[in-house]
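For reference, the structure is listed below as structure tokens.
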Amino acid sequence: MKKLIVGNWKMNGSLAFNEALLRSVLSGLNANNALAEVAICAPSVFLAQAQSLLSGTACAWGAQDVSAHEQGAYTGEISAAMLHELGCRYVILGHSERRAYHGETNELVAAKAQRALAHGVTPIVCVGESLPEREAGQTEAVVKRQLAAVIHAVGHCTSEIVVAYEPYWAIGTGKTATPEEAQAVHSVIRAQLQAATSHADRVRILYGGSMNAANAASLLGQTDIDGGLIGGASLKADDFLKIIASCPLKA
Ligand code: PEP
């Protein structure tokens with residue numbers, strides 16, 4: 001299975017910026033698109049632009065959140081059906097910024113994952129511990145609890161999700177988990193998936209947290225790291241392309 005490299009643009013970009021960024025990414029991708037599967041997750045207002053610029057290319061696109069509801073009186077929300085219509089292959093769910101700033105619970109994240117899958121959009125389920133939790137030795141328990149809620153909700157569709165391990169303390173801070181620290185948590189996640197589905201080998205487990213051109217190769221070289229979720233570095237075409245180029249030839 002090829003590695004999967006996903007850019008999380010967060011609340012950044014403009015029509016002009018996105019167009020320049022995507023054109024640079026696409027021209028670089030033509031050279032090494034065999035190395036990895038690639039996607040970007042843009043703010044919802046730019047998804048139509050992503051659809052128009054990326055259709056038929058080697059770069060898929062997705063959103064950064066979705067409503068847990070099907071449709072109706074939920075002002076400000078965006079449904080999974082809408083994402084599907086805009087050609088989204090992925091939606092990031094349970095990002096630590098949404099858990100921290102929008103009070104998203106494990107159960108809400110699970111309900112969103114169910115809704116996304118029902119509309120053919122692949123959830124990228126983010127899990128990860130805070131620094132105090134890591135220091136208290138709770139990393140495994142926290143991550144397992146977050147993932148268990150999603151597995152419980154989606155049942156036999158567990159093999160259809162993507163998981164992203166993102167230690168909160170490494171996001172946007174320049175601090176990265178060492179490859180060994182990340183691998184240790186990824187292997188716990190793999191075991192949890194194996195207990196839940198006979199197709200756990202199909203589930204990609206991405207690492208996210210200050211991945212950049214310099215540290216990508218050592219992280220992506222770990223057995224259970226199947227790709228990366230890239231924040232800051234996905235806004236610079238050169239850096240994003242270098243991360244893609246760091247994927248081992250035989251994943
Ligand atoms: C993220 O937001 O998912 C992320 C990993 O951010 P950064 O790469 O900037 O740490």
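Observations on the structure shown:
- Scanning the stretch 190-216 for residues that are within 16 Å of the ligand (Cβ to nearest atom) and not in a loop (DSSP other than H, G, I, E, B) yields Ile205, Leu206, Tyr207, Gly208, Ala216.
For every residue, the table says whether it meets (1) touching a Pro at 6+ places or on another chain (Cβ under 9 Å); (2) closer than 17 Å to Leu235 by Cβ.
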{"site": "Phe17", "(1), (2)": "no, yes"}
{"site": "Asn30", "(1), (2)": "no, no"}
{"site": "Ala42", "(1), (2)": "no, yes"}
{"site": "Ala48", "(1), (2)": "no, no"}
{"site": "Leu53", "(1), (2)": "no, yes"}
{"site": "Ala81", "(1), (2)": "no, no"}
{"site": "Ser96", "(1), (2)": "yes, no"}
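- Scope the stretch 168-189; condition within 23 Å of Val38 (Cβ to Cβ) and either part of a loop (DSSP other than H, G, I, E, B) or open to solvent by 10 Å² or more (accessible area, probe 1.4 Å) (or both); matching residues: Ile171, Gly172, Thr176, Ala177, Pro179, Gln183
- Criterion: free of Cβ contacts under 8 Å to residues at least 24 places away in the same chain and of a type outside the set (Gly, Ala, Ser) - qualifying residue of Glu70, Glu107, Glu37, Glu77: Glu77
- Scan of the stretch 217-251 for residues that are open to solvent by less than 10 Å² (accessible area, probe 1.4 Å), part of a loop (DSSP other than H, G, I, E, B) and either within 14 Å of the ligand (Cβ to nearest atom) or under 21 Å from Glu129 (Cα atoms) (or both), ordered by number: Ile225
- Cβ pairs under 6 Å, 6+ apart, first in the stretch 86-102 and closer than 19 Å to Val121 by Cα, second assigned to a loop (DSSP other than H, G, I, E, B) and within 11 Å of the ligand (Cβ to nearest atom): Ile92/Gln64
- The test for being surrounded by fewer than 17 Cβ atoms within 10 Å (Cβ to Cβ), within 17 Å of the chain's Cα centre (by Cα) and within 16 Å of the ligand (Cβ to nearest atom) does not hold for Gly128.
- For the stretch 58-72, a residue qualifies if it is more than 16 Å from Ser44 (Cα to Cα) and of a type outside the set (S, T, N, Q), and the qualifying residues are Ala58, Cys59, His69, Glu70, Gly72.
- Screening Val162, Val143 for residues that are of a type in the set (A, V, I, L, M), open to solvent by less than 30 Å² (accessible area, probe 1.4 Å), out of contact with any helix residue (DSSP H, G or I) (no Cβ under 9 Å at 6 or more places or on another chain) and within 16 Å of the ligand (Cβ to nearest atom) leaves exactly one candidate, Val162.
The values are calculated or read from the model by the stated rules, or taken from the named source; none is laboratory data. Keep in mind it's a predicted model, so treat the numbers as computed, not measured. We place every Cβ from the backbone using ideal geometry, glycine too, and count neighbours over all the protein chains shown. These accessible areas exclude ligands, DNA and RNA; they are computed on the full protein's heavy atoms, side chains included. Shrake-Rupley method; radii C 1.70, N 1.55, O 1.52, S 1.80 Å.
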